[in-house]
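Rule-based calculations on the coordinates, nothing more; no lab input. None of the values given here were measured: they were computed from a predicted structure. Note: ideal-geometry Cβ built from the backbone for every residue, glycine included; neighbour counts use all protein chains shown.
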Amino acid sequence: MTKQIQAVRGMNDCLPNDSGIWQWVENTIRQVVAGYGYQELRTPVVESTDLFKRSIGEVTDIVEKEMYTFADRNGDSLTLRPENTACCVRAGNEHGLLYNQQQRIWYMGPMFRHERPQKGRYRQFHQFGIETFGIEGPDIDAEVIMLSARLWKVFGIAEHVTLELNSLGSNQARANYRDALVGYLLERKECLDEDSLRRLESNPLRVLDSKNPQVQEAIKDAPSLMDYLDDESKHHFEGLCSKLESLGIKYTINPRLVRGLDYYNRTVFEWVTDSLGAQGTLCAGGRYDGLVEQLGGKSTPAVGFAMGIERLVLMLQTLELTSQVPKPVDVYVTALGESTELYAMTLSEELRDISSTLRIQTHCGGGNMKKQMKRADKSGAPVVVLLGENEMQQQTATVKFMGGDKAQQTIPKSELTNIINEYFEH
Ligand code: HAM
């Protein structure tokens, strides 16, 4: 037998049984962002490699080891986007959307990182994100966080996530802190692993991110970034904290939160959960006031976040919070006996003409009552329309309500929509 070709490792199919929850999640997110007046920005999944090197940073896990980079046929180095913030800034600069303007945008789509696949971590994954441009004060940081908090409320997971917050301050503050941290780490060099020693040279703040228990022990008493914040950043951070408190959004300050991408300054945050196992970060983001300029635009403040859709879907499934996912079929129309097929098809079409929202599946492929009812059952439809030769001759339909005590009834076909709509309204 010919060998079957499998999907690429870490890249998943979204099968029909799962696409319902994905569509529901995506539609709900669209409604939430619309409620804040955000607009969608769609960018290509492939960009110049330099875009990510210059934004995420040369010495980050993503750029050093996780990018899907390849030479185009004309020799240009291209990369499948590992994240979308840089792409939004690139597009914003290119189309003149940023300078001296305010923008609130959102996106949703696939990202690619060559990480070791495990539950909640994939090589093609999907992010929903928002990015805001042109607003400097902490009011917009609070709005961005508030929008994410609303998502958790809408999806019913608010009590399963917690907000961690930190400020990275200005470039100067970070440079001062870096010196102090390097001094501290040099005294404990023997406790650092190979990765941390490398980061000590190239990107010392990332040592704080180490998951190695021995390194964590060594950095336990490391100086805190909070003590090095410049006055303006401190003021900005206090402004954000007091707004979150007034809005009733709980947070904990985590001075070790530094994020794995280089473009951040001031506010950084992560929504974390215990419900996902090792991959506990559901959503992460922060402020990146220098990035627009760094990518060739005019200086523009910016703040945003991205959330992993696979992780949200996993959480909803684990916590069994999927009851609002619409069923794929509302009404299953059977065709029993000879020559009823056309009657079933036209009646189904008439139903669709009247109601654009009902999901109607018409039985195809014949078979006896038992077989057709089995199919109807499998479809999960709460309403089954039974059409036999009698019904066809008398232009009627028999309606059966599954899983309740409502009696089956035979009615003129003109009344069918009313009866079905009435049933779904209650
Ligand atoms: P990030 O922390 O790299 O940030 O990713 C954000 C979220 O994407 C993570 O919290 C996680 O839920 C999801 N995610 C990341 N990698 C994977 C993966 N391999 N498999 C499944 N899910 C994953 C960013 O990407 C920034 N662009 C966020 C941002 C937007 N900052 C400002 N604006």
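Give me a comma-separated list of calculated 3J(HN,Hα) values for the range 289-300, in order, Karplus coefficients 6.51, -1.76, 1.60 applied at θ = phi - 60°, integers in Hz, x for any Gly or Pro.
Calculated HN-Hα couplings, in order: 5, x, 5, 4, 5, 4, 9, x, x, 8, 3, 9 Hz.
How would the range 209-254 be classified by its alpha-carbon gyration tensor: rounded, prolate or oblate, with rounded meaning a/c under 1.5 and the a/b versus b/c comparison settling the rest?
oblate
Starting with the highest mean, order 112-120, 60-68, 316-324 by the number of other Cβ atoms within 10 Å, averaged over the residues of each peptide.
60-68, 112-120, 316-324
Applying the Karplus parametrisation 6.51 cos²θ - 1.76 cosθ + 1.60 with θ = phi - 60° to the phi angles of the range 196-208, what ³J(HN,Hα) value in whole Hz is obtained for each residue in order, glycine and proline being reported as x?
5, 4, 5, 5, 4, 6, 9, 7, x, 4, 5, 4, 5
Which of the three applies to the chain, rounded, prolate or oblate, going by the alpha-carbon gyration tensor with a ≥ b ≥ c and a/c under 1.5 meaning rounded?
Here the chain falls in the prolate category.
Given H placed on each backbone N at 1.01 Å, which residues far from residue 126 in sequence or on other chains put an amide H within less than 5 Å of it?
111, 309, 310
Label residue 321 and residue 425 with points 7 Å out from Cα along Cα→Cβ: what is the distance between them in nm?
3.2 nm
Once label points are set 7 Å from the Cα along Cα→Cβ at both residue 390 and residue 118, what is their separation, rounded to one decimal in nm?
6.2 nm
Whose amide H sits under 5 Å from the amide H of residue 409, counting only residues 5 or more places off or on another chain, with H placed in the peptide plane?
Hits under the 5 Å cutoff: 399.
Could you work out the relative contact order of the chain, using alpha carbon pairs under 8 angstrom and six or more residues apart, expressed as a whole percent?
The value is 15 percent.
Where in the range 380-419 does the label zone of residue 339 land, with the point 7 angstrom along Cα→C-beta and an amide N cut-off under 16 Å?
What the label zone holds, given the 16 Å backbone N cut-off, is 388-396.
Place the peptides 132-139, 247-254 in order of packing, highest mean first, counting for every residue the other Cβ atoms within 10 Å and averaging per peptide.
The most tightly packed comes first, giving 132-139, 247-254.
Report the full-extension gain for the segment residue 7 to residue 146: residue separation times 0.36 nm, less the Cα-Cα distance, to one decimal in nm.
Values: separation 139, 0.36 × 139 = 50.04 nm, distance 3.77 nm.
Full extension from residue 7 to residue 146 adds 46.3 nm.
A 25 angstrom limit on the alpha carbon distance is what I want to check against. Which of 371/406; 65/211; 327/374; 153/250; 220/243; 153/234 exceed it?
Table pairs above 25 Å Cα-Cα are 220/243; 153/234.
Pop a pseudo-label 7 angstrom from the Cα along the beta-carbon direction at both residue 99 and residue 34 and give the gap in nm to one decimal.
3.5 nm
For residue 172 and residue 275, FRET efficiency with R0 = 35 Å and r from the beta-carbon atoms, rounded to 0.05? Show your work: numbers first, answer last.
On the way: r = 39 Å, r/R0 = 1.12.
It comes to 0.35.
Any chance you could run the full-extension gain for residue 197 through residue 78? It's 0.36 nm times the residue separation minus the Cα-Cα distance, nm to one decimal.
39.8 nm
Calculate one ³J(HN,Hα) per residue across the range 314-325 by plugging θ = phi - 60° into the Karplus curve 6.51 cos²θ - 1.76 cosθ + 1.60, and present them in order as whole Hz with x for glycine and proline.
Karplus-based 3J(HN,Hα) across the range 314-325 equals 4, 4, 5, 5, 4, 8, 6, 10, 10, 5, 7, 5 Hz.
For residue 68, what residues show an amide H to amide H distance below 5 Å, using hydrogens built from the backbone and excluding near sequence neighbours?
80, 114
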